[in-house]
Every structure is written in C-alpha cells, then in structure tokens.
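To start, the structure under review is shown below, and the notes come after it.
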Amino acid sequence: MSSKQSSFFFAAYFGVLGALLPYLGPYLRARAIGAVGIGLITAAVSLAKVVYAPLVGAVVDRGRWLPGMLVLHAAVAVASALAVLLVQQPWQLGVAFFLLGLGHATVLPIVEAAILERVPAGGYGALRMWGSIGFIVVAVGAGPLLSAAKVIRFPVLLVVSLALLVVACRPFERSARPHPRVQRGGSLPAEVWWLLGVLALNQVAHGPYYAFFSLHLEDAGWSSTLIGVLWSAGVVAESVAFSFGARLERWRGLRGLLGSALVLAPVRWVLLALPPVLPIVIVAQAMHAVTFAVAHLAGIQLVQHAVPEGMRRRAQALYSGLTFGLGITVGSALAGPLYAAAGGEGAFLAAAGLSVVVFTLWIPLARRLRAGSQPV
C-alpha cells in the first residue's frame, strides 16, 4: 500500500463522518423524530462496531479472508444509505442506519492495523490527518446544500460519500491481509482490556457532543452553515494535532499524551455546558485537538504496541468497537433522555463528570502499561 492510497482511504472514510455527525441530528428532526429517537438512531450507527467488527477482525487474524470483503462491506453501507431515502417508520430508519454503520465501521480497523504495521514511527498522524481533511471538506461543503428545509437531501450526500469509500477500499483487498507466517491466537493482556475500557468510557463522555452538539446550537438560533463551520473548526484543530503527531510523541510519549487528553476532557464539556457564546464554543472546538485527536493518536498506538502481531486486527477492531462503537452507542443513547430532560447544559455537565471518573481510572493504568509498549 502507498501513502497516497492510505491518505485517500482516511479522507474517504472520515468524509462519511463529515456528513453523519453534523447533519444526522437535524435530518432526523426534520423527519419528526424526537430527542430520544435521535439519540437511539445515532447510537445504532455505532452499534455494529461493538460485536460484528471485532468478530470480523478475529476471523481475519486467523488467516481467513473473503475475496472482496472490504469493498463488499462498503457497498452494504451505500445500499443502506439508499434505503434511508425510501423508508418511513423510525424503526426502519434505525435498521437502515445500523446496517450503514455495520458496513462503514468494519473496514476501518482492518485497514488501520495494516497501515500501523507498515508506517514508520511517528508517521501515523500525518496519514490520519487526511481523514480530518476529508471530514472538513464534506462538513463545510454540505452546509449550504443542507441548510434549513434542504436538510432532507442528507441521504444523497451519504450515498455519494460512501461510494467514494468503496473506491478507496479496493487497493487494500490484498495489502490489508495479515502475513500468513505470523503466529496467531492467545489472549489479550489484562492491561490492554483496562486500556480499552478507559478509552471506551472516554467516548461515552463524547456521546452528548456527537448526538446533540448541532441541535444544542440550533436551539440557540445558530444557522446550519455556522454549525457546519464549527464542526469543521474542531476537525481543523484535530488535523493540526495529527500533523504534529511525531513531534508530540517525541515530546510527551504516548502515555503522557493520553493522560493530557483525559485530564482536559472535563474542561471542554463544562465550556459546552455554558450558554452558547461564539468565542467559548470556538475554544471548546479547538480542544477537540486534545480530547479526540491526541487521545486517539496515543490510544490506537498503545493498543497496537501492546499485542503480538497476530492479534492486531482483532485488537484494533476491539478498540474501534469498544470506543467508537459501544462508547458512542451508550453515550448517544444516554444523551437522548438527558437532553430531553435537562437540555444541553445538563447533558454536557454529565459528560464532564464522567470524564473526571475516566481520568481517575487512567492514573493507576498508566503505571501498569509496560515501559516497552510506547516511547517515553
């Protein structure tokens, strides 16, 4: 695989999220779905990562590879986006978005594990930055197209962005397969499970942000174009952090970076719990560079380094499944009733409280991670 192929894959994969995250909530509201339903459907997008993607990762690590597997899963997501245009009932929308999430989510850990095996030390961030660029292009470009009543066009944007992902997956059908001579099997070390738990809880705390940030600002009278720009501002900050990934790793080491991200997360959620004021929201979005980008940059590599080569696709699928799958599923589902009962203020304050607990759990784990698993 070439760096251009990896960069295009990340841009296409996260371009899909540039459509989903800013515009799914407003689209569902336009379809007359309430806050609880929005939270549940948002959770359904991530639910497939919890069980299915780790199962596929384990199968691949055992040397079993279905020809065309990556393209097939991406094509399932395209078909599901087309179904969103046709179905009417809320439960039908939930099933369609679940299948969309299943197809979309399954390809990432398999491709990402292969990229991490080949990229030089400190090189992951520069490639992952293209995912942030893809997100920005779609989120900002779609703002005028999906403003106000035009948001009903949202499924068309999903179909186009997912079709690009199908193209991006094709070069990895051979290169993402694990080496046939690698020793396979075994159990994940206890500290890896603990690390996955901490990273998953960190994503639970992100649930109100992913599900209701757009609606929180929309309820304050902010335009869809401005909301799209603010989503993109967070991703611009994220891309800057990824672009400096190698320097950050040399400066703090992976454990130090993850600890910094977790200790600052409660601050971000408290800022978003305040009545929306543009300068404060901009600062909170700039902190996405730390609470998401730095946490991911450190977390994914700590997981990769802590397991043998023959377990990496399973480990990365578990990382994706437990963090961006179970974590966001639980966080989004819980955010619905919280937002309905207490609005954005209550939902983001709850996120801040959980983030304090997450950092407390991280402190003893940081001492247990073996010194050889990351730069210090």
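Laboratory data are not the source of any read-out in this text; all were calculated from the coordinates shown. Predicted model only: the values in this text are computed from it and were never measured. Ideal geometry is used to build each Cβ from the backbone, glycine not excepted, and the neighbour counts take in all protein chains shown.
Suppose the chain between Ala342 and Trp251 were pulled fully straight at 0.36 nm per residue; how much longer would it get relative to their current alpha carbon spacing?
Computed gain between Ala342 and Trp251 is 28.7 nm.
Here the convex hull built on the C-alpha positions of the chain has a volume of 114 cubic angstrom per residue.
Exposure proxy for Tyr23, Tyr124: other Cβ atoms within 10 Å of each Cβ, ordered fewest to most, give Tyr124, Tyr23.
Here the chain is treated with +1 on each Lys and Arg Cβ and -1 on each Asp and Glu Cβ, and its dipole about the Cα centre works out to around 1000 debye. Entry note, the chain: the mean residue ellipticity at 222 nm calculated from DSSP H runs of n ≥ 4, each adding -39500 (n - 2.57), is -26500 deg cm²/dmol after division by the residues and rounding to the nearest 500.
Spatially, the stretch 69-87 and the stretch 132-147 are offset by 21 Å when compared through their Cα centroids. With neighbours defined as other Cβ atoms within 10 Å of a residue's Cβ, the residues Tyr52, Tyr13 order from fewest to most as Tyr52, Tyr13.
Across the chain, the mean sequence separation of Cα contacts (distance under 8 Å, 6 or more residues apart), normalised by length, yields a relative contact order of 31 percent. Charged side chains reduced to their Cβ positions (Lys and Arg at +1, Asp and Glu at -1) give the stretch 235-361 a dipole of some 380 debye around its Cα centre. Give the residue from His206, Ser224, Ala298 lying farthest towards the positive end of the charge dipole for the stretch 3-373; charges sit on Cβ (+1 for Lys and Arg, -1 for Asp and Glu) and the dipole is referred to the Cα centre. In the stretch 3-373, that residue is Ala298.
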